[in-house]
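Enquirer: Input: one structure, supplied below.
The values are calculated or read from the model by the stated rules, or taken from the named source; none is laboratory data. From a predicted model like this one, the values you see are computed outputs, not experimental measurements. Here the Cβ positions follow ideal geometry from the backbone for every residue, glycine too, while neighbour counts run over all protein chains shown. With ligands, DNA and RNA removed, areas are computed over all heavy atoms of the protein, side chains included. Shrake-Rupley method; radii C 1.70, N 1.55, O 1.52, S 1.80 Å.
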Amino acid sequence: SGMAGPHLQQPSFLLATLKADCINKPFVQRCHDLRTVIEELPAKELHGIFPWLVESIFGSLDGIIIGWNLLCLQGRTNPTEYSVALDFLDPSGPMMRLVYKLQAEEYRYDFPVSYLPVIPTPLPWAGIPSNSAYFILVDTYLKCFLPTEGSVLPPPPLNPGGAIPSPTPRSPAVPFTSYGMHHTSLLKRHIAHQPSLNADPASQEIWRSETLLQIFVEMWLHHYSLEMYQKMQSPHVKLEVLHYRLSISSKHHGSPAQSSYQALHAYQESFKPTEEHVLVVRLLVKHLHAFSNSLKPEPLSPSAHSHTASPLEEFKRVVIPRFVRQKLYIFLQHCFGHWPLDASFRAVLEMWLSYLQPWRYAPEKPPQSTEHLPHSVSEKWATFIQENLLMYTKLFAGFLNRALRTDLVSPKNAFMVFRVAKVFAQPNLAEMILKGEQLFLQPELVIPHRQHRLFMTPTFSGAFFSSWPPTTADASFKVKSHVYGLEGQDFQYKQMFGTEVRNLVLKLAQLICQAQQTAKSISDHSAETMASQSFFSWFRFTPSEMNGSYTGNDLDEIGQDSIKKTDEYLEKALEYLCQIFKLNGAQLTQMMKNCETAQDKNGKNQLPDCIESEDGLILTPLGRYQIINGLRRFEVQYQGDTELQPIRSYENATLVRLLFRLSSVLNAKFADQMDVLCSREDFVGRLCRYHLTKPHLIKKVRCSPMVKVRTSQNWGPRISLRFLASYRTLIFLLMIYFIASWFNIGPVGCTFIILIGYFLYATIMTFFSERWKPHEH
């Protein structure tokens, strides 16, 4: 299990009994027995069962033991076990009482941090609700140990006459451990304000809040260290890692010098967060914003502040920049670069946007915005934006690169672009981001040895986060400290409102225009299809059924409502992008006209962009993009023997096979006679050719490059009865017989009338057989 006490003995009788109860007793009874054991037995006897209890609840690190599967446990499906589990794991429940007992006796357990990050593995993954026991417990612990109102509740006393003694303060001189290749322990040091033993009770209790937060951050945001992240940003390292990946795919083993790049590759590829992982991180981010924003208004003088601020208030002041910002930034960078290009990215997107908008979680709620009058972002948030500049600018550029590679005709993808554009278009936000970039670009005027100041850790004295309005130089220094501290001293910053990112925005705007035209084309095509599928046309014989052509589009299935939503999202996203980057309206109008003229008159029949070669057509990159996004398509046509086509959904499989055998027998028996009849030059010959042959001269069409052009083959005159296997044909004939019965016409007479009618129709069609494409019946 990876967990062991300092004096762990052989499994005791108590442990053996509890393990047997897991098999023989129901869940509720087991929890009741555990509660009794925890309440009655001393820590000396309980410390041996703690590692097993943790595994039995949360599962083993190797995945063999599933545990209680808290991520899938819901009150709606299993209310009794749900309630019992929440009570047992509550901050004031038996499990935490056990923790307090062991803590009072200084029992400690080792946990291999190589297993981080830790998130329960649900069975199955899909459809995990936010009201599962896991999410409810996380929210409960955050509210208990990081309260937005009041102070942290003290732990319950373990005996009638006393309370739990706080652990001995750890030395503040011990630095935070590096969580790279040489990590030794997860929690070996507390923050610099660790109180002395004679401090006030509030100071004695603040360590629990810090410890819980650090555990959560390490569990969910632990990936690789800041130094490892910065190393992987080097273009040289990126190129070498790419070469290593190519050598793996080609089964080529590189030299021993590639071992370091192998380690970097392993770091990146081994970490694959899930949607549930991201959802719990978002829950943490939202609560930390609310926790930080519950900070009491500061006194007017800094001297008063230093004497009156409680440890909890100081903790609120630094909780995000000190504990979360760095690891969250690396976590988001990894997700933006490695998450699949599908709608599941919505979870990452919403978590990112939640972090960017701390004002949404402030006690004083901003006035409710409307569609036409969104509220302005207050200047009080300028410091947060400046000290988190990369979260806004570099990740925005990363999102643009993702959006340019997605299908914006999809409503879910269009909605993600709309969400990001709407958030960044909030009044005054773009201006504050621009101000942050200007502060970063200011030339340095103080302290030539910048590196020694960049990595200073903010203390709890409040000097680093002074409430006084900072001077421009101080604000510029803070922004540069943030940027260079995360990305390294050699980082080349790309301005969000610079030329390069602006060009990406223009490309996205063009892509939005193209997606709008595609959605309109699909909508028009769907309307035409629905109009053509009238009651009587359902019984009509259509040549396309038998020649195998398909003129539809996979996006036809998204429906008119979804197409309408897509158009609305894209239209508003384009409007917001224009507001953020002050795009020229005339330029956008011309761009939209270019998208419209690039389509055919009907908007659907233009072929993908390709070039001619000796081997046929070759798609260009533009052509591939057009096909992927449904902008254009090749005509798909069956080129083989029509009698051997796959059985269609509108055909009866048994009849198709029987009629094929009958046709084959007739064709083998009367082949010579049909050749003679079709070779005649009179009316009889033309009539036979019309019904017994199909053209052997194939019309030249521009097909997909993946389809090899087949040489034409003359199958000769033959009989084909496959049309009688069509459900439409059968129902049509049944209706004719049914109507004929109303007029007292029997089946034989009705059949004779059908044959006479068809002969007249065939005679007329024969006169046009030399001009029209012959049909096969």
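Enquirer: Report yes if some residue within the stretch 533-540 is at pLDDT below 80 and under 38 Å from the mean Cα position of the chain (by Cα); otherwise report no.
Expert: Checked against the condition, which is being at pLDDT below 80 and under 38 Å from the mean Cα position of the chain (by Cα), the stretch 533-540 yields at least one hit.
Enquirer: Starting from the stretch 272-296, keep only residues that are farther than 14 Å from Tyr355 by Cβ, then list their pairs with residues that are among the acidic types (Asp, Glu) and open to solvent by 10 Å² or more (accessible area, probe 1.4 Å) whose Cβ atoms are within a distance under 8 Å, requiring at least 6 positions of separation or different chains.
Expert: Ser294/Glu149; Leu295/Glu313; Lys296/Glu313
Enquirer: Considering only the stretch 372-425, state which residues are open to solvent by 10 Å² or more (accessible area, probe 1.4 Å), farther than 16 Å from Leu356 by Cβ and not in a helix (DSSP H, G or I).
Expert: Hits for the stretch 372-425 are His372, Leu373, Leu404, Arg405, Thr406, Asp407, Ser410.
Enquirer: So which residues in the stretch 479-503 are of a type in the set (D, E, K, R) and open to solvent by less than 60 Å² (accessible area, probe 1.4 Å), if there are any at all?
Expert: Of everything in the stretch 479-503, those that are of a type in the set (D, E, K, R) and open to solvent by less than 60 Å² (accessible area, probe 1.4 Å) turn out to be Lys480, Glu487.
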